[in-house]
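Visitor: Below you will find the structure I want to go over with you.
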Amino acid sequence: MPLAIGFPLLTTDLRAAYIKARDAGAQKDANSDQIIEALAADIGKAIHSYMETAQVMTTDTIVPGQVASGPFGVGSYSAPGVGTGVGTISFKAADVDTLVSDIEVALKKARDFGIKDGADSDSIISDLAAELKAGIHKFALTAEVKTDIILVGGVPVIGYLTLTVPAIPLPSVSGPGKGTGTGNLS
């Protein structure tokens, strides 16, 4: 599912998180540490869920010089080849926990600055936004990308892929080939 589909859910989840925090804060004997902890967890969950709605689409290149194997030997690609990939991103639980922790620290810092006499709300909001941005960006870079790749066949290979000697350019697989790819966001 592309991010465009996850985006409305992010808005809904963030709104619900703030309403829950507002309502908890209106209760008698409200505990700000508990409210912030719950708010950070809800915001982190919303961001995590949104990020995992991303659909990864790649354009892949077989770089000349890479090794190709055939039934009778090996060769190397003598021309670029192309492919496409479709996949998803995921996150390790520890990275989600770090995101939640970073959000909680930023929220508590904003609270602590806000309760001081003469607090500058514009400065607090600016600092909070900067710290949230940094935590979310750090989290996004931990995404693990996984794709299924379809390589277009017919790329010339030089080597002994067949019984023909000496090595002559021959096409790699005549039809599409399959593979998988892994990586990270940058």
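Here, each number is a calculation from the coordinates, and none is a lab measurement. Just so it is clear, the model here is predicted, and its values are computed rather than measured. Positions of Cβ are generated from backbone atoms using ideal geometry, with glycine treated the same way; all protein chains shown enter the neighbour counts.
Visitor: Could you check the spin-label model distance between E37 and L10? Points 7 Å from the Cα along Cα→Cβ, value in nm.
Guide: 2.8 nm
Visitor: Taking the Cα centre as origin and putting +1 on Lys and Arg beta-carbons and -1 on Asp and Glu beta-carbons, what dipole magnitude results for segment 1-117, to the nearest 20 debye?
Guide: With Lys and Arg at +1 and Asp and Glu at -1, about 180 debye.
Visitor: Relative contact order of segment 31-145: what whole-number percent is it, with Cα pairs under 8 angstrom and at least 6 residues apart?
Guide: The normalised contact order for segment 31-145 reaches 29 percent.
Visitor: Right, here's the next one. Could you pull out the trypsin sites (Lys or Arg not before Pro) across segment 7-82 that fall in loop regions by DSSP (anything but H, G, I, E, B) with no more than 15 other Cβ atoms inside 10 Å?
Guide: K28
Visitor: Let me ask something else about it. With contacts defined as alpha carbon pairs under 8 Å and 6 or more residues apart, what's the relative contact order of segment 1-51 in percent?
Guide: 54 percent
Visitor: A follow-up question, please. For segment 1-128, what class follows from the C-alpha gyration tensor (a ≥ b ≥ c being the square roots of its eigenvalues): rounded when a/c is under 1.5, otherwise prolate if a/b is larger than b/c, else oblate?
Guide: prolate
Visitor: Quick check: residue separation of V67 and S49 times 0.36 nm, minus the Cα distance between them. What number comes out in nm?
Guide: 2.6 nm
Visitor: Which FRET efficiency, nearest 0.05, do F113 and E144 yield, Cβ-Cβ r, R0 41 Å?
Guide: That gives a FRET efficiency of 0.70.
Visitor: What list of ³J(HN,Hα) couplings, whole Hz, do you get for segment 134-142 from phi and the Karplus terms 6.51, -1.76, 1.60, once you set θ to phi - 60° and write x for glycine and proline?
Guide: 5, x, 5, 4, 4, 5, 4, 6, 8
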